[in-house]
Amino acid sequence: MFTLFTGLWQKFTKKAEHTVLILGLDGSGKTSILNQLEQLLFESHSRSAEKPKPALIIPTIGQNSKLVKTKHADVRLLDLGGGATIRNIWKDYYNEANGIIFVVDGTNVERFPEAIAEITMLMHTISTNNIPFLVFFNKHDQLAFIPSSELRNHFEEIRSTAPKIRFQICSAKTGEGLIDGLSWLVFMMEESKT
Ligand SMILES: Nc1nc2c(ncn2[C@@H]2O[C@H](COP(=O)(O)OP(=O)(O)OP(=O)(O)O)[C@@H](O)[C@H]2O)c(=O)[nH]1
Ligand SMILES: [Mg+2]
């Protein structure tokens, strides 16, 4: 009886855990975003404890994984390498995904077509009708960042193909936009659960 009760109690009180894949071309800033999010959420949860040391950022071969705690859910963030030859591992993780973050380097207009091609392929492979899809336009702190009206022109077609999609300008360097984007994603993942 006691076990049954504690089991039920845990079921109703335990926070949900979601898995989010962080995808995007090499050099777009996925690992930097992962580290900055960890830092920002760590600061908001434990002010007194020692801060984690920022990791040395090198191109990712394979994956980096971190569990971050938000108010409503725990989120396992999986940052997968974006190099052209590593991208074929992405599909091995699609089944685990409750949400997708796709990172675009907002300063690199020459690579927008490549990013759009990867997003289109992703949308054909996984059901983005159910899975919320957050596009981070990263590196807003840089002068070379493409104006938002121009970004919209390039990526508008993608926005119209997925119902649960959000475009978010951000900077992994300053932290701008990261929590807003992640909060939206958690909200959408919680909503899809019910
Ligand atoms: N100024 C600026 N630089 C950034 C930002 N985000 C990432 N960078 C830089 O961009 C470079 C690539 O960043 P990474 O985080 O390694 O990119 P990645 O997407 O993980 O790359 P891969 O692991 O190769 O797929 C690094 O030199 C970062 O310091 C940002 O918001 N602003
Ligand atoms: Mg990386």
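Applying 0.36 nm per residue to the separation of Ala84 and Ile61 and subtracting their alpha-carbon distance, the gain on full extension is 7.2 nm. Beyond 25 Å in Cα-Cα separation lie the following of the pairs Lys71/Lys164; Lys66/Lys91; Lys173/Lys193: Lys173/Lys193.
Here's the picture: charge each Lys and Arg Cβ at +1 and each Asp and Glu Cβ at -1 in segment 108-194, and of Met189, Phe145, Val135 the one pushed furthest to the positive end of that dipole is Met189. Close amide-amide hydrogen proximity is noted between Gly99 and Thr19, Leu21, each under 5 Å apart and 5 or more residues distant or on a separate chain (H modeled in the peptide plane; Pro and chain starts excluded).
Every number here is computed from the coordinates shown, using simple stated rules; none is lab data. None of the values given here were measured: they were computed from a predicted structure. Every residue, glycine among them, receives a Cβ derived from its backbone with ideal geometry; neighbour counts consider all protein chains shown.
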